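Asks: Take a look at this one; I'll ask things after.
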């Protein structure tokens, strides 16, 4: 398992790097409006009405942005949690913890692809 | 052409005879000085992982129909959810500021024949893209366009 993680390291680091950079860039606007602004009444609720959000999300650009919003944070999260586990004495369990976290990211990514295709 | 070497190809098959001190965590880890910031940076991984699944659920429900999406919006009005989203926003800004501070320092002296731009320009470019994308996304999502 450890050997597989070492071989896959370039892919994992690529997804992690994109998660930190592009994931952060995309999440900021999403959180400002969808997570905080509309629920707190700062922006009108109509902005996130079903028809409008479906229209925004179901075109090619919308699907790519939404997929980025799902997939990239998962990989940033999985890799940083793996590092955290190692730093807190989990070096011996790294192979199993790392594999489990990346498996979660892979499953979430595949579900994310299905989710944006369904739109 | 020579094939790529395995990343641990140079590792000895059995440990050497030189005695080495057992590894130990540095003083101050995890709660003091730079370690606190470092651990906080890693801990944001939990926020990102949760955000990935929270957005996955929202988009899944958007694909399921109007009732599903409205259910997501109702859940987002829950004070606990708003609190988590505020925490996530703080975490995301913290990650962005720290990463964009580290990014120029991590550049190699040359990328092929090209030298990376000076740190100030690189940082300016990253912040421009971040702020610009955030403004556009906020404007579009909040109903300013379309």
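The numbers here are math on the coordinates, done by the rules we state, and not lab data. As the structure is a computational prediction, the values presented were derived from the model and not from experiment. Cβ: placed from backbone, ideal geometry, glycine included. Neighbour counts: every protein chain shown.
Asks: Could you identify which residue out of A:47, A:85, A:105 has the top mean-square fluctuation in a GNM of chain A using Cα springs shorter than 10 Å?
Replies: A:47
Asks: What's the long-distance tail for chain B, i.e. % of Cα pairs beyond 26 Å?
Replies: Summing the P(r) tail past 26 Å for chain B gives 56 percent.
Asks: So if R0 is 35 Å, what FRET efficiency would residue B:32 and residue B:82 give, r being the distance between their Cβ atoms, rounded to the nearest 0.05?
Replies: That gives a FRET efficiency of 0.65.
Asks: Can you list, bin by bin at 5 Å, the percent of alpha carbon pairs in region B:29-105, starting at 0?
Replies: Taking all Cα pairs of region B:29-105, the binned fractions are 3, 14, 17, 19, 16, 11, 8, 6, 4, 1 percent.
Asks: I need the Debye-formula profile for region A:31-84: one equal scatterer per C-alpha, no solvent, reported as log10 I(q)/I(0) at q = 0.29, 0.32 1/Å, two decimals.
Replies: Values, matching the q order: -1.04, -1.09.
Asks: Order these by the 10 Å Cβ neighbour count, fewest first: A:30, A:75.
Replies: A:30, A:75
Asks: Which of the three applies to the protein assembly as shown, rounded, prolate or oblate, going by the alpha-carbon gyration tensor with a ≥ b ≥ c and a/c under 1.5 meaning rounded?
Replies: prolate
Asks: Using the basic label-point model (7 angstrom from Cα toward the beta carbon), what is the residue A:94 to residue A:40 distance in nanometres?
Replies: Between residue A:94 and residue A:40, the simple spin-label model gives 4.0 nm.
Asks: Can you tell me the Rg and Dmax of region A:2-118, counting just the alpha carbons, in angstroms?
Replies: For region A:2-118, the Cα-based Rg and Dmax read 16.9, 51 Å.
Asks: What percent do you get for the relative contact order of chain A when only Cα pairs under 8 Å and 6+ apart count?
Replies: Answer for chain A is 35 percent.
Asks: Rounded to the nearest 10 degrees, what's the angle between the helix A:9-18 long axis and the longest principal axis of chain A, both from Cα atoms, 0 to 90?
Replies: Roughly 30 degrees, rounded to the nearest 10.
Asks: Further question: How high is the FRET efficiency from residue B:119 to residue A:110, r the C-beta distance, R0 45 Å, rounded to 0.05?
Replies: 0.75
Asks: Please give the FRET efficiency for residue B:102 paired with residue A:60, using the beta carbon to beta carbon distance and R0 = 51 Å, rounded to the nearest 0.05.
Replies: Calculated value: 0.95.
Asks: Please work out how much length the chain gains when fully extended from residue B:70 to residue B:19, using 0.36 nm per residue of separation minus the C-alpha to C-alpha distance, in nm with one decimal.
Replies: The span from residue B:70 to residue B:19 would gain 12.0 nm if fully extended.
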